[in-house]
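Note sheet for the following structure.
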Amino acid sequence: MTTTASALAEPADRVGRGWTTALAVANWAIWVGWYGPLQILLPEQAEDFAPGTGMSKETLLAWVTGVGAVVSLLANPFFGALSDRTTARWGRRRPWIVAGAAGGTLSLLLLAGAGGLWTMLAGWCLVQLTLNAAFAAVTAAVPDRVPRLQRGSVGGWLGAAQILGAVAGTGLATALGGVAAGYAACAVFVLLGVAPYVLGSGDQRLPAADRPVWSGREFVQGFWVSPRRYPDFGWAWLTRFLINLSNALVILYLLYYLRDRLERAEPEEGVLVLTAVNSATLLATVVVAGVWSDRVGRRKPFVRWSGALMAAATALLALWQTWPGAIVVAALLGIGLGVFMSVDFALMTDVLPEARDRGKDLGVINVANTLPQVAAPALAAPVVTHFGGYRVLYLAAALIAVAGAVLVGRIRSVD
């Protein structure tokens, strides 16, 4: 079903469990398409291809993921803005979910057959381009359809879907016994996972009369959301960027940390174990925190204390570099990240400037998820290889998380 009456109105009717479940499954599928490669498959390909490039595996992986992150950084707000202007009969968001998922499937299959650095780089950039088209539309569906005091709980389910994407993506990449098979499994999962939402959930159709008159200059200028005019939006963006940067610095070289620093015999299995521990504690908190935040009508205390916990856990990883220490840190990070993911998502939707630009503005916010993927390799590679190793890297990540936890207090319009 597609509706036209309230595409730009503030939603008032609560969404049902079926709609939330279908959206969460679509989100889950997209994250499988990202996490399977990031956690296992890209590092393994980097190790295979590095000897012929003159780069270390860490540097090669940093270049590939960094360039891919730049593509993601540009693609998410771009496709969000296009979906804001879409007047298709199927609605504003669903056409981009279909196109993005189909393109992501084909791009993952291209990565499965990569024979060297350049094919690997091209394939990962295409994955980032296409899956961000789908992700921008999925994310924008929340402020389109969900009332403010239900967004914490819906954000909790989307957060749970994200971490389940990490588990499923890592599991598929590990269990099937090969890089090509891992990519193929992730590709099939993406395509099947978005189908329930695309086929069974309504979308709001934007009447052609409500679409802004096209101006290339205004379209480009619209991606700048002035922090002077919308200061709460700016502070919320910066808070999310810092927390995500801290987390990205922790997970980027996790496989190499287990192999080279802790000398684990089976580092791939170690990544899977840590991901499972992290996911279990995250799942225990992500939905509960979102529901709790909705009930008390407050956001900032949850974001502040979750950031502080993540900072403490990351500092512990720097000081206690053992396998038991890694397990404890994974559990603590899961608790903190679970609270942060659900409540911060609700906070972000609460500070969006205008209804007509929800997709674009959420795309700008999602840059705070993507930009750390660019910054983390640039920061982490020289630290690990030249300036103190993993201990210094994780201490720096802890300080960055502390900054994010403190700056959320600058947001004024949300309690």
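The values are calculated or read from the model by the stated rules, or taken from the named source; none is laboratory data. For clarity, every value in this text was computed on a predicted model and none was experimentally measured. Here the Cβ positions follow ideal geometry from the backbone for every residue, glycine too, while neighbour counts run over all protein chains shown. Remember, those area values only see protein heavy atoms, side chains included, never the ligands or the DNA or RNA. Shrake-Rupley method; radii C 1.70, N 1.55, O 1.52, S 1.80 Å.
Structure above, values below:
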item: Residues of region 368-402 that turn out to be open to solvent by 20 Å² or more (accessible area, probe 1.4 Å) and under 20 Å from the mean Cα position of the chain (by Cα), as a count; result: 8
item: Long-range neighbours under 8 Å by Cβ, at least six apart or interchain, first residue of a type in the set (S, T, N, Q) within region 242-265, second outside any helix (DSSP H, G or I); result: none
item: Residue within region 22-39 that is within 24 Å of Leu352 (Cα to Cα) and free of Cβ contacts under 8 Å to residues at least 40 places away in the same chain present; result: no
item: Subset of region 192-204 that is over 23 Å from the mean Cα position of the chain (by Cα) and surrounded by fewer than 18 Cβ atoms within 10 Å (Cβ to Cβ) - its residue that is nearest to Ile97 (Cα to Cα); result: Leu199
item: Single condition Gly115 does not satisfy, out of (1) in a loop (DSSP other than H, G, I, E, B); (2) surrounded by fewer than 24 Cβ atoms within 10 Å (Cβ to Cβ); (3) in contact (Cβ under 8 Å) with a residue 40 or more places away in the chain; result: (3)
item: Residue check, Leu176 in contact with a Lys or Arg (Cβ under 9 Å, 6 or more places away or on another chain), at pLDDT below 85 and of a type in the set (A, V, I, L, M, F, W, C); result: no
item: Members of region 282-305 that are touching a helix residue (DSSP H, G or I) at 6+ places or on another chain (Cβ under 7 Å), in a helix (DSSP H, G or I) and touching a residue at least 60 places away in the same chain (Cβ under 8 Å); result: Leu282, Leu283, Val286, Val287, Ala289, Gly290, Val291, Ser293, Asp294, Lys300, Val303, Arg304
item: Condition met for Ala248 (of a type outside the set (Phe, Trp, Tyr), closer than 30 Å to Ala403 by Cβ and open to solvent by 40 Å² or more (accessible area, probe 1.4 Å)); result: no
item: Residue count, region 76-103 (criterion: closer than 12 Å to Thr130 by Cα and either surrounded by fewer than 24 Cβ atoms within 10 Å (Cβ to Cβ) or over 24 Å from the mean Cα position of the chain (by Cα) (or both)); result: 5
item: Search result, residues across region 56-75 that are in contact (Cβ under 8 Å) with a residue 24 or more places away in the chain and open to solvent by 20 Å² or more (accessible area, probe 1.4 Å); result: Ser56, Lys57, Glu58, Thr59, Trp63, Val67, Val70, Val71, Leu73
item: Whichever residue in region 316-331 is part of a helix (DSSP H, G or I) and open to solvent by 30 Å² or more (accessible area, probe 1.4 Å) and, among such residues, is nearest to Thr239 (Cα to Cα); result: Leu316
item: Positions within region 160-191 being open to solvent by 40 Å² or more (accessible area, probe 1.4 Å), over 26 Å from Leu347 (Cβ atoms) and not small (Gly, Ala, Ser), in sequence order; result: Leu172, Thr174, Leu176, Val188, Phe189, Leu191
item: Unique match (being closer than 24 Å to Val374 by Cβ and in contact with a helix residue (DSSP H, G or I) (Cβ under 7 Å, 6 or more places away or on another chain)) among Leu254, Leu316, Leu262; result: Leu254
item: Count of region 250-260 residues which are in contact with an Asp or Glu (Cβ under 8 Å, 6 or more places away or on another chain) and in a helix (DSSP H, G or I); result: 2
item: Pick from region 14-25, criterion touching a Ser or Thr at 6+ places or on another chain (Cβ under 9 Å) and surrounded by 18 or more Cβ atoms within 10 Å (Cβ to Cβ), ranking: farthest from Asp260 (Cα to Cα); result: Trp19
item: Pro11 being surrounded by 24 or more Cβ atoms within 10 Å (Cβ to Cβ), in contact with a helix residue (DSSP H, G or I) (Cβ under 9 Å, 6 or more places away or on another chain), under 26 Å from Ala368 (Cβ atoms) and not aliphatic (A, V, I, L, M); result: no
item: Of residues in region 261-278 being outside any helix (DSSP H, G or I) and exposed (fewer than 15 other Cβ atoms within 10 Å of the Cβ), the one nearest to the chain's Cα centre (by Cα); result: Glu266
item: Residue match in region 279-298 (condition: polar (S, T, N, Q), open to solvent by less than 10 Å² (accessible area, probe 1.4 Å), at pLDDT below 85 and in contact with a Ser or Thr (Cβ under 8 Å, 6 or more places away or on another chain)); result: yes
item: Among (1) more than 16 Å from Asn27 (Cβ to Cβ); (2) out of contact with any Pro (no Cβ under 8 Å at 6 or more places or on another chain) - the single one Val225 does not satisfy; result: (2)
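Matching residues to (1) modelled with pLDDT of 90 or more; (2) assigned to a helix (DSSP H, G or I); (3) β-branched (Val, Ile, Thr); (4) open to solvent by less than 10 Å² (accessible area, probe 1.4 Å):
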{"site": "Leu121", "(1), (2), (3), (4)": "yes, yes, no, no"}
{"site": "Gln128", "(1), (2), (3), (4)": "yes, yes, no, yes"}
{"site": "Leu131", "(1), (2), (3), (4)": "yes, yes, no, yes"}
{"site": "Val154", "(1), (2), (3), (4)": "no, yes, yes, yes"}
{"site": "Leu158", "(1), (2), (3), (4)": "no, yes, no, no"}
